[in-house]
Amino acid sequence: MRQRLLLPLTLVFVLASLLGWWAASELVGRALRLRQQALVVATAEQLAGGQLPLTPELLTRLGALVDAQILLLDSRAPASLPQWLPALPSPARAPEAPARPMATPHADGTLNLRINGAPHLVALRPLPPGLAHGADHVAVINSLADLEAAIYRAAQWLALAALVSIALLLAVATALTDSIARSLAQLSTMARRIADGNRSVRMRALGPPELRSLTCSLNEMVARLDAYERRAAEQAKLAGLGAMAARVAHEVRNPLTAIKLQLQLRAESGPGGQEPDAVDLVAEIRRLELLLGGLLEQARPRRLHIAAADLNAVAGDVARLFEPQLAHAGITLAVDLAPTLPPAVMDVDGCKQILTNLLVNARDALGRGGRVTIATGPAHSAAVFVSISDDGSGLPDALAAALIAGDRDTLGAGGRVGLRLSLELAERMGARLATCESELGGACLRLRLPRAAPHHQEEATWQAS
């Protein structure tokens, strides 16, 4: 991985550095040559302008100033011209003078010549007549040896800078590729451990931002996967317990029905047609039947019989069933039923099951002693409610939030299976189970049911699955 990343980067750095070195060297050399050429041309034009007396002393001093040799030339006497100088244009050429090659000057009138094997720059300018005795041209000759040496030294420094840049870039690239390779190796190891079933593995975010983001996402994925597997295991456990409880409930229901039948016969055969102990036992068996019905409901939901019913009567029946049991635990049960409450749309047995679950939760939360209130009333023009409140420590925040959000997994995992069953049953009936403010200072749960329409208040109008 490191070699596959580092080799292309190295090639790119080297090629980019070579290209940059060549371009910089060319630019520096061109700039120095143009500057030297401009200086030579300006000197020649000043001398040919006729403003200065072209005395030997002036030419010597000016040549030292611009680091050049200044010559006055007579094109009419070619024999007197330097051998390296090409032929100058002249109207009269001596026939005995040797022929010289004609030089092609640049656009600015300069010539590039080699004098004694060294490169020189020569600027030629014609002189006005009579300015210099016996001369009609001025030549400013500048050696380019020092300039070429300066350009060569500049190229060397640029090459050194390019090599240092390549070394620094390679060091940075090596560190970067090592970091990427290490991070990818750690991610690969983490993925293998996750595939092997290890859900506790986590990795510290390292490397570039993209790899850090990938690492954080992978850590979050593992955490969610762990939570999902825990929930799945909990649900499987609850499903197994529910199935086992349903089998137990099914087996218990038959002998319980026989016991209830015998107790009903005994209650009817007592003095005055009723035997109090038997009547109380029958009430307790009915409560047990409701509990068994809830267990069977968890395993196999039954068909609901939705109809208009008296909510006060349903709440009163459940209160009478539970009052002896709560009194045995030292819990006072108060019933506050609203007068003239309109009928509500519900499944009667399902509503009783919900109230039974809520009373069981209240009893378990209070332990020994306390107060519980069952109240009914109108919620608004289209609904009525029944609430169960207590003076205990209140519903835990996690369960209250789960109830509001409809999170069945949290409700079941919180040890309040009755809350989960009640929530599911309420939703099937078209009702709503929510928390409310308790006047007793503890927990308060309210079941809101739709109010029956006028033409539904006498009999059932539909069935819902």
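Just one of Gln156, Gln186 is closer than 30 Å to Val66 by Cβ, open to solvent by 50 Å² or more (accessible area, probe 1.4 Å) and among the polar types (S, T, N, Q); which is it?
Values: Gln186 fails: closer than 30 Å to Val66 by Cβ.
Exactly one of Gln156, Gln186 is closer than 30 Å to Val66 by Cβ, open to solvent by 50 Å² or more (accessible area, probe 1.4 Å) and among the polar types (S, T, N, Q), namely Gln156.
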Inset, instruction - Find the residue count for the range 362-401, including only residues that are assigned to a helix (DSSP H, G or I) and either surrounded by 23 or more Cβ atoms within 10 Å (Cβ to Cβ) or β-branched (Val, Ile, Thr) (or both). - result: 1
Legend entry - Residues that are under 18 Å from Ile180 (Cα atoms) and open to solvent by 80 Å² or more (accessible area, probe 1.4 Å), drawn from the range 210-232: Glu210, Arg212, Leu214
Legend entry - Every residue from the range 290-316 that is open to solvent by 30 Å² or more (accessible area, probe 1.4 Å), modelled with pLDDT of 90 or more and in a helix (DSSP H, G or I): Ala313
Inset, instruction - Could you tell me whether the range 144-151 includes any residue that is acidic (Asp, Glu), open to solvent by 60 Å² or more (accessible area, probe 1.4 Å) and at pLDDT 80 or above? - result: yes
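Quick check on Arg100: is it open to solvent by less than 40 Å² (accessible area, probe 1.4 Å), at pLDDT below 80 and outside any helix (DSSP H, G or I)?
yes
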Inset, instruction - Give the range 9-50 a look and list any residue that's in a helix (DSSP H, G or I), open to solvent by less than 50 Å² (accessible area, probe 1.4 Å), over 30 Å from Ala173 (Cβ atoms) and out of contact with any Lys or Arg (no Cβ under 8 Å at 6 or more places or on another chain), or say none. - result: Gly29, Gln36, Gln37, Val40, Val41, Ala42, Thr43
Inset, instruction - Consider only pairs whose beta carbons are under 6 Å apart and that are at least six residues apart or on different chains; among these, list those whose first residue lies in the range 32-48 and is closer than 11 Å to Leu124 by Cα and whose second residue is hydrophobic (A, V, I, L, M, F, W, C) and assigned to a helix (DSSP H, G or I). - result: Thr43/Val66
Inset, instruction - Tell me which of these Pro342 doesn't satisfy, since it passes every other one: (1) touching a residue at least 60 places away in the same chain (Cβ under 8 Å); (2) closer than 23 Å to Thr435 by Cβ; (3) assigned to a loop (DSSP other than H, G, I, E, B). - result: (2)
Legend entry - Some residue of the range 406-415 being open to solvent by 50 Å² or more (accessible area, probe 1.4 Å) and at pLDDT 80 or above: no
Legend entry - Selected residue [at pLDDT below 85, open to solvent by less than 70 Å² (accessible area, probe 1.4 Å) and over 16 Å from Lys352 (Cα atoms)] from Ala464, Ala434, Ala443: Ala464
Legend entry - Those residues of the range 317-339 which are among the small types (Gly, Ala, Ser) and either in contact (Cβ under 8 Å) with a residue 40 or more places away in the chain or not in a helix (DSSP H, G or I) (or both), in sequence order: Ala319, Ala329, Gly330, Ala334, Ala338
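The values are calculated or read from the model by the stated rules, or taken from the named source; none is laboratory data. What you see is a predicted model; the values in this text were computed from it and never measured. Note: ideal-geometry Cβ built from the backbone for every residue, glycine included; neighbour counts use all protein chains shown. Just the protein is used for accessible areas: all its heavy atoms, side chains included, with ligands, DNA and RNA removed. Shrake-Rupley method; radii C 1.70, N 1.55, O 1.52, S 1.80 Å.
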